[in-house]
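Asker: Submitted below is the structure of interest, expressed as structure tokens.
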Amino acid sequence: MLKTKITELFQIEYPVIKGGMLWLSTAEMAAAVSEAGGLGVISAATYDTRDKFQAELRKAKALTSKPIGVNLPLFPAIKPLDIDEYIRVIADEGITIVETAGRNPEPHMESLKKHGIMVMHKTTAVRYALKAENVGCDAVIIDGFECGGHPGEEDVTSLVLIPLAVRALKIPVVAAGGFGSGSGLAAALALGAEAIIMGTRFMLSREAPMHEDIKQHLIRQKETDTVLILRSLKNSIRVIRNEVAEEILRLESEGAGIDEIIRLAQGIRGRELMESGDISAGILACGQVIGLLNDIPTVEEIVLGTVQEAAAILKRLQPQSGPLSMP
Ligand SMILES: Cc1cc2nc3c(=O)[nH]c(=O)nc-3n(C[C@H](O)[C@H](O)[C@H](O)COP(=O)(O)O)c2cc1C
């Protein structure tokens with residue numbers, strides 16, 4: 001059911017991937033997605049030392065024998081990871097799928113390819129996707145404007161970006177940004193994508209390591225309840241609207257300096273929010289698709305429900321008999 005170039009490439013059952021999510025993409029989350037037949041991705045940035053990262057990969061491998069991936073962030077960061085060191089750990093643990101994001105992966109391609117690692121690069125514009133193809137990436141993820149996290153600075157939605165990327169590229173395109181159900185998967189396939197990545201949908205799952213009060217808060221949010229912060233730094237992040245996001249927007253509109261803004265936007269405060277259940281404790285990346293979500297299912301229910309709904313839609317859309325009659 002729903003075989004695509006991505007299910008073939010990564011040897012997974014369904015074209016459903018959980019993108020890297022800081023603090024949330026743990027071994028348990030990634031393994032749950034992979035066990036359900038999708039591809040779970042562990043966020044390298046969640047583990048600040050090579051030993052913690054290696055232990056997490058080993059934990060995931062103990063939980064599933066199915067393929068899992070690793071998200072390697074190439075974004076500018078206060079404490080950037082030693083990417084070469086993390087690639088060595090990935091290779092040592094026999095992980096063969098990496099999701100890169102944030103910057104051109106070219107400086108790391110030689111090392112990744114030397115270890116036989118397949119690379120899907122996440123980007124927000126067709127020209128960067130073409131660059132990723134040219135430097136040897138195996139697939140490209142297109143994150144549309146509606147996505148949770150970093151949507152880029154050009155504000156083009158998935159509905160336009162995905163077919164543009166499919167038209168321009170030879171390697172498979174994975175659709176991200178705004179996908180939260182089977183209708184989204186069917187739509188992505190119709191646009192020419194070979195799989196979807198969901199972030200916000202998996203954040204609102206039973207297994208997501210996040211305080212229940214935050215999940216209950218999120219479930220009440222509408223598609224209009226996210227905002228873009230850090231636009232003034234050309235590093236936009238789509239987050240849920242809360243007091244901290246409003247304060248950052250106020251500082252940005254007043255021309256505040258980077259230090260003052262980053263103090264509020266730093267990732268560690270996002271972790272505090274997730275652990276404490278206090279929605280005002282920091283910022284929380286979240287996509288507009290939150291407006292479509294009204295339940296907190298298990299990861300398995302999300303993967304299988306998405307695939308089954310998409311398959312039913314695609315079947316319903318097939319012509320009953322003979323060629324479609326043309327007007
Ligand atoms: C809470 C959260 C944290 C995220 N953290 C990261 C991250 O650390 N690295 C990354 O490349 N993408 C990150 N993303 C983006 C997702 O991997 C994915 O591309 C995006 O959520 C897709 O859009 P959607 O939210 O509409 O599903 C994050 C998204 C969310 C919602």
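Asker: In the range 120-152, which residue that is away from the ligand (no atom under 16 Å from the Cβ) and in contact (Cβ under 8 Å) with a residue 24 or more places away in the chain is surrounded by the fewest Cβ atoms within 10 Å (Cβ to Cβ)?
Answerer: GLY136
Asker: For the subset of the range 202-217 comprising residues that are more than 28 Å from ALA256 (Cβ to Cβ) and more than 13 Å from the ligand (Cβ to nearest atom), which member is most open to solvent (accessible area, probe 1.4 Å)?
Answerer: Taking the range 202-217 first, the residues more than 28 Å from ALA256 (Cβ to Cβ) are 202-213, 215-216.
Imposing the further condition that a residue be more than 13 Å from the ligand (Cβ to nearest atom) reduces the set to 206-207, 211-213, 216.
Details: ARG206: 148, GLU207: 78, HIS211: 63, GLU212: 89, ASP213: 87, GLN216: 76 Å².
That would be ARG206.
Asker: Can you name every residue in the range 48-79 that is of a type in the set (Val, Ile, Thr) and buried (at least 16 other Cβ atoms within 10 Å of the Cβ)?
Answerer: Result: THR64, ILE68, VAL70.
Asker: Pick from the range 99-119 the residues that are more than 26 Å from PRO163 (Cβ to Cβ) and touching a Leu at 6+ places or on another chain (Cβ under 9 Å): which of them is least open to solvent (accessible area, probe 1.4 Å)?
Answerer: Filtering the range 99-119 for residues that are more than 26 Å from PRO163 (Cβ to Cβ) and touching a Leu at 6+ places or on another chain (Cβ under 9 Å), the one least open to solvent (accessible area, probe 1.4 Å) comes out as LEU112.
Asker: If the requirement is being over 19 Å from the mean Cα position of the chain (by Cα), among the basic types (Lys, Arg) and over 25 Å from GLY19 (Cβ atoms), which of these qualifies: ARG263, ARG241, ARG269?
Answerer: Result: ARG263 is the single residue among ARG263, ARG241, ARG269 that is over 19 Å from the mean Cα position of the chain (by Cα), among the basic types (Lys, Arg) and over 25 Å from GLY19 (Cβ atoms).
Asker: Being within 18 Å of the chain's Cα centre (by Cα) and open to solvent by less than 30 Å² (accessible area, probe 1.4 Å) is the filter here; which residues of the range 187-201 pass it?
Answerer: So in the range 187-201, the residues within 18 Å of the chain's Cα centre (by Cα) come out as 187-189, 193-201.
Of everything in the range 187-201, those that are within 18 Å of the chain's Cα centre (by Cα) and open to solvent by less than 30 Å² (accessible area, probe 1.4 Å) turn out to be ALA188, ALA193, ALA195, ILE196, ILE197, MET198, GLY199, THR200, ARG201.
Asker: Then there is this: With respect to TYR86, is the statement that it is aromatic (Phe, Trp, Tyr), open to solvent by 20 Å² or more (accessible area, probe 1.4 Å) and within 14 Å of the ligand (Cβ to nearest atom) true?
Answerer: no
Asker: When you look at GLN11, is it surrounded by fewer than 24 Cβ atoms within 10 Å (Cβ to Cβ), within 24 Å of LEU189 (Cβ to Cβ) and not small (Gly, Ala, Ser), yes or no?
Answerer: Considered against the rule, which asks whether it is surrounded by fewer than 24 Cβ atoms within 10 Å (Cβ to Cβ), within 24 Å of LEU189 (Cβ to Cβ) and not small (Gly, Ala, Ser), GLN11 comes out as yes.
The values are calculated or read from the model by the stated rules, or taken from the named source; none is laboratory data. Just so it is clear, the model here is predicted, and its values are computed rather than measured. Here the Cβ is made from the backbone with ideal geometry for all residues, glycine too, and neighbour counts use every protein chain on show. Note: accessible area is taken over every heavy atom of the protein model, side chains too, but ligands, DNA and RNA are not part of it. Shrake-Rupley method; radii C 1.70, N 1.55, O 1.52, S 1.80 Å.
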